[in-house]
Amino acid sequence: MLSLLAYITWTASPIIAKLGPLTLRWYGLLFMSGFVIGTFVLTHIYKSERVSPRWVDVITVYMLIGTVVGARLGHCLFYDPDYYLAHPLDILKIWEGGLASHGATLGILLAVWLFSRNNKFDYLWTLDRIVIVVASGGAMIRLGNLFNSEIIGRQTDVPWAFKFARYNEIHHELTNIPNELRHPTQIYESLFCVFLFILLYAMWSRTKEKTPRGLLFGLFVVLLFTFRFLVEFLKENQVDFENSLPLNMGQILSIPLIFVGIWVVLRAGKWPGNPFGYAPRDLGEEAPNKSAVKVK
C-alpha cells in the first residue's frame, strides 16, 4: 500500500474552459468562491449578534477591493519593485498573475478600517469576525495555487510528495525548476486555513457578542503567520534575490505581523470601557413596524 503513495503526479490544468475570448481558470473560480462562502458565514455571524445582514454586502465590496488591490501592490512592491517602478502601468495587468498574501493582509486591514469608520463599527469587533471568513478564503486560494502549479515546495521523498509534471509548461518563463518530487505546500497551507476556520468559528460560537475584543483577530494573525514563517522553509524561493537572504521575503514580512498579533492577544478584552467592541445592533430595523399601523 505504501508504494501506491510513493508520490502523486499532478497534471491538472489551470484552465477549466475557454469560452470564446474568455478563459475560465481554477484560480479565479476558487478565489471568488472564497468570497461566496464568506458571505454565507458572515451573514450567519451577523444575524446571531443582531447585526443586520445588509452590512455583509457592504463589507464584502470593501474586502474584495482591499484584497485584490493589496495583493497586487504587495506582489509588485515586495517581490519585483525595480521592474514595476520602472513600468508602473504593468501593475494594472493583474491577469498576468502576481498576488501576494502579505499585501492582501495589509489591504484587508485598510479596507476593514475604512468600512468601520464609515459605518460606525468598532474596528477590532469587525476584524474579529472577518478573520473567520478570511481563513476559509485562504483555504480556497491555496487550492487555486495548487491548480496553477505555483508556490511549490522543495524536493522531498515523503510518501505524499507531488511531481508537478506541467510546471515548466505552465510557467514557460521559468524553466530552471527541475521536475522533481516536492512538498505540496499549497495543500499544507490550505489545510491549516481550514483548521484556523474551525478553531476561530468554535471560539466565536461560544462567546458571540461577549468575545473579548481583538482575541480572534490577534490569534488568527499569530497562528497564520507563525505557520507561514515555518512552512516557508519547505518552499522554493519565489524570486532570485531571496536566494541571497538569510530568510525569504515571506518570512521577513511575517515577523512584524506575528508581534502585532501577540500584542493584540495580550490586550484582548482589556480596553477600558470597551471589552467586547461594538456594532450597530440593527437587525430588523429596516422592516416596517406593523404595530404602529393604524386602521382609519
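The values are calculated or read from the model by the stated rules, or taken from the named source; none is laboratory data. Bear in mind that the values here come from a model prediction, so they are computed numbers and not experimental data. Every residue, glycine as well, gets a Cβ built from its backbone with ideal geometry; the counts of neighbours run over all protein chains shown. Protein only, heavy atoms only, side chains kept; ligands, DNA and RNA dropped before computing areas. Shrake-Rupley method; radii C 1.70, N 1.55, O 1.52, S 1.80 Å.
Side notes on the structure shown:
- Counted residues, segment 181-219 - those being among the small types (Gly, Ala, Ser), free of Cβ contacts under 8 Å to residues at least 60 places away in the same chain and outside any helix (DSSP H, G or I): 0
- Meets criteria (open to solvent by less than 70 Å² (accessible area, probe 1.4 Å), of a type in the set (Phe, Trp, Tyr) and closer than 16 Å to residue 108 by Cβ) for residue 62: yes
- The listed residue being under 23 Å from the mean Cα position of the chain (by Cα) and either free of Cβ contacts under 8 Å to residues at least 12 places away in the same chain or open to solvent by 70 Å² or more (accessible area, probe 1.4 Å) (or both), out of 50, 25, 72: 25
- Leading residue by the ranking (farthest from the chain's Cα centre (by Cα)) among those in segment 99-151 that are open to solvent by 10 Å² or more (accessible area, probe 1.4 Å) and among the β-branched types (Val, Ile, Thr): 151
- Qualifying residue in segment 234-253 (condition: within 19 Å of the chain's Cα centre (by Cα), at pLDDT below 95 and assigned to a loop (DSSP other than H, G, I, E, B)): yes
Results for (1) touching a residue at least 60 places away in the same chain (Cβ under 8 Å); (2) surrounded by fewer than 16 Cβ atoms within 10 Å (Cβ to Cβ); (3) within 15 Å of the chain's Cα centre (by Cα), shown as yes or no for each residue.
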{"position": "31", "(1), (2), (3)": "yes, no, yes"}
{"position": "79", "(1), (2), (3)": "yes, no, no"}
{"position": "83", "(1), (2), (3)": "no, yes, no"}
{"position": "97", "(1), (2), (3)": "no, yes, no"}
